[in-house]
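The block underneath contains the structure these notes are about, expressed in C-alpha cells.
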C-alpha cells in the first residue's frame, strides 16, 4: 500500500490543515459539543483535532524548567467578557520561584 503525502492534509487525520485550524479556532470560543454539532463531527473527533492543534502550537517547557515544582496552581482567566478564556499554570512551591507563571 502506498500513501501519498499531501501538504494540506494533517498527518494521521482525515481533515485538511485549514479545516483543523477552523475547528481549533471555534473550540477557543465554543464548547466542544457545540463545535461538534456545528461541524457534524463527533465530539471525540473535535477533541482529537483540538489536542493535535495544541500539541503543534503550544511549546512544551523543557524538563529543567519544571524541576523542583511540588505544588502546581491552575487558573482559568477571562481574556474578555464572554467565553474567551485562557489557562494559566503557576508554581506554588515555597521558595524564590513562588507564583511564577509556567
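The values are calculated or read from the model by the stated rules, or taken from the named source; none is laboratory data. For clarity, every value in this text was computed on a predicted model and none was experimentally measured. Glycine also receives a Cβ, built like all others from the backbone with ideal geometry; neighbour counts cover every protein chain displayed.
Quick one: would you say residue 70 is at pLDDT 85 or above and exposed (fewer than 10 other Cβ atoms within 10 Å of the Cβ)? Yes, satisfied. Is it fair to say residue 40 is modelled with pLDDT of 80 or more and at positive phi? So residue 40 fits the description; yes.
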